[in-house]
Every structure is written in structure tokens, then in C-alpha cells.
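The values are calculated or read from the model by the stated rules, or taken from the named source; none is laboratory data. All values reported here derive from a predicted model rather than from experimental measurement. For neighbour counting, all protein chains shown are included, and Cβ atoms are generated from backbone atoms with ideal geometry for every residue, glycine included. What goes into the accessible areas is simple: the full protein's heavy atoms, side chains included, and nothing from ligands, DNA or RNA. Shrake-Rupley method; radii C 1.70, N 1.55, O 1.52, S 1.80 Å.
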Amino acid sequence: MPKQTQAQQNQAPQRGSRNGVVAILSVVIVVLVAANMLMWQQLRQASAGGGPLSILAQPATTPSDAGLRDFKVVNAHEHLFSRKYLDKYLRAAESTGVVRTLFVASSDFTLKGKGYEATKGNEANTLEILHVARQHPGKIIPFCTLHPGDPDPVGKLRRYVEEGAMGLKLYTGHGNFYDRPLDCEEMLPVYAYCQETNLPICWHVNFLRYAGEFERVMRQFPNMTVIVPHWGVTFWRPRGPEYQRFLKMLDTYPNLYTDTSFGTREILVGGLEIVSRERDLFRAFFEKYADRTLWGTDMVVTGNREKTEEWVEAVLRACRDVLEKDTYHFFMGAKGSRHADKKANNIYGVYRGLALSDDILRKVYETNIDKLFPPEKI
Ligand SMILES: [Zn+2]
């Protein structure tokens, strides 16, 4: 602020300017009161509708400002476009208590979007993930990927493992990638190799579509360690028969795991909405299957302008908040956000979380994944 001159300091305040200040203050107060009343009216309308929006009766500003609980969290599901974007991810990870990350290699389709092919880029991104893992010992669990159409997939897999791959990512049970049955001839030697060498597979299998084929593979290779992310995509319908079918698979195969990731943007927002609405079902899941669940984000770290370090941090935080908090806030779910769920009409992006116990969280964040990938070997 510029210093006042002696003359200005000595000047007695004039009546006219005092009146002006009073008038401006009055207008500001009236505007604030009106805005507040409008907000409370919206909150009342939202809570009158019942469902997850009833939580809006609580102040929207407090939840996610509260701290995260004290764990050494491992992110079991993330994609990385290139080494260029690793630093922003690692900074965001550090500020949200994430100490290690399992990066799954991806094809051009996952990293660059529609119009790019699932058969291309698998090798390049695998080598990229193996490279960043070597550069950051102790911080990255690298998973390679294959396309079932690759010539000599087992030879390739063996080479990746020699170069440091600690697991295999498969996309073959994803509707956008599916081009042959999961139990096709050419993949059987891959499953056999994984079972024999105890190499874990992170395998996207959509149980709404391909449960039967997946069950046939597991019957043939019952000792494979498989992480099927997103509850086998059944999180969309936790009251549906596919969800029960997925749980039955967990009951049958002790080496079958899932992870808590939903997907990127709209899918993440959709998942958080469902958990918010179906808290009791999800809490019951964690009570029973905490030993078989890993924590993951699946946000796909790229150079997309939207995906700043703050964005990455907000996603990591939301993915923890949903498990740890009773209520929390996530900007991407708020009405007006490009990725908000229009049907949910979640005015402030306030959700109900599961507020899981420390015992459950420790298993999901630390114990389960550390058993699969002992930190001293990373
Ligand atoms: Zn993913």
C-alpha cells in the first residue's frame, strides 16, 4: 500500500466519503445474506429429495480439508503416458501419503484415446514403465502388457520379466479391447507361464459381459494370482447378479484380488456416486474381503492440459477420502464440472464415504500389496 502523505493523514474524514463507505458495506451485507439464503434453500431442496444429496445439509466446506489418515499407501493401479509426466505424479503422490505405485503398461488406445489402436504402443509403453522403475528404485512396481495377437507372447513376456517386469497387465476383458475369447488358444501358454512363475496379472475383466470366459480360464489355471480391477466392473450394479458372481469367484479362488479404482473422470465420478448411495453394501464388502482388496486410482497420467499436479493430487485424495471419510468433497463431481454425473445433480460435489476402520485400511493400502510385492524387492 502506498504511504499516505502527512497532509492526508491529518485530514479529517469527510462526511460524504463516510456515507459512501456505509452504503457500500450495506450492499455487501445484503448480497452476502441473500447468497447465503439461496444456498440454504438449495441445500434444503436437495436434502428433501433424500438419497445421497441429503448429506448436503452438512457444511460443504469441511470434509476434504480434514487430514488423511497415517498410512504408507501403495497405489496398485495407474497408467503413465511417459517419463515426462512422472514427476508431477510423484509430487502429488507424496503429498497424499502414496509411497509406491504399480504402473501398468498400456496401448495407444488407453494413452491417446479413441481413434488409436489397442494393438499399438504396448511394447513402447512397457519399455517406458520398465525404464522409470529402474530410475526410481523402491517407488514403482512395473507391469508389462501384451496384445494376444503378438507373435510369441510368452517369449516376449519372459524378456520383459528379465528386464524387471513384476506382473502382466491384460485388457482383453474390456469391451473396447475385446477381439477374441479370454480362453483363446494363443493366450493359454501365457496363463500357464504366469501360474508357473507366480507372475501376477492385473486383468480388466468386465463381469457384465465376459464372466463365463474368465471362469473357464480360472478353472484351468486356479493358482494364478489375478487382480481384477473395479470389482470386475460390477461396482455399477452392486445389487445385480454379476456382482454376486464376482464375489463367488473371490470365494472360490484365494489368489483372486480386486482393486478400488473405478476409472478416469466420468467413471470415477460415477463410482463415487454409487458408493455414496450404497454405503452399506460397500462397507459389507470391505468387512468380508479386506484381505483381497488393493487400493488404486486408474486416472491415467498424461500431459493432458487438464491433468495438472493439483488435478492428480485431487484424484488421489478423493480415492482415499471415499474409503476414509464419512463425508468429503470432490470438485469433479460438483454440478457444472464437465465430468459431473448429470443425473446425480450433486450441487457441491459432496459425497458420503465409507469411513472404514484402520484395520481394514491397513490391509487395503499396505499389507495385501506388500505381500504380493515385498518392498525390499522393488
Ligand atoms: Zn486402468
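Data table
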item: Rounded accessible area of residue 120 (nearest 10 Å², 1.4 Å probe); result: 100 Å²
item: Low-density loop cleavage sites - GluC sites (Glu not before Pro) in the stretch 93-187, where at most 13 other Cβ are within 10 Å (DSSP); result: 117
item: Residues whose placed amide H lies under 5 Å from that of residue 335, excluding near-sequence neighbours; result: 346, 347, 348, 349
item: Accessible carbon and sulfur surface of the stretch 221-280 relative to its total accessible area, %, 1.4 Å; result: 48 percent
item: All aspartates and glutamates inside 17 Å of residue 343 as judged from Cα atoms, apart from same-chain residues fewer than 8 positions distant; result: 266, 273, 278
item: Where the Cα pairs of the stretch 271-333 fall when distances are cut into 5 Å bins, in %; result: 3, 15, 25, 24, 16, 10, 6, 2, 0
item: Check: the stretch 264-378 dipole with +1 on Lys, Arg Cβ and -1 on Asp, Glu Cβ, in debye; result: 400 debye
item: Solvent-accessible surface ranking, highest first, for 335, 84 at 1.4 angstrom; result: 84, 335
item: Å² of accessible area per residue within the stretch 275-365, as computed with a 1.4 Å probe and no ligands counted; result: 40 Å²
item: Quarter of Cα convex hull surface for the stretch 161-259, i.e. mean projection, nm²; result: 6.2 nm²
item: Alpha-carbon centroids, the stretch 164-242 and the stretch 264-317: separation in whole Å; result: 21 Å
item: Subset of 248/363; 139/342; 307/335; 72/169; 72/335 violating a 29 Å alpha-carbon distance limit; result: 139/342; 72/335
item: Stokes-Einstein translational diffusion, the stretch 281-378 - Kirkwood Rh over all Cα pairs, 0.890 mPa s, 25 °C, in µm²/s; result: 162 µm²/s
item: Highest average packing first - 102-111, 281-290, Cβ atoms within 10 Å; result: 102-111, 281-290
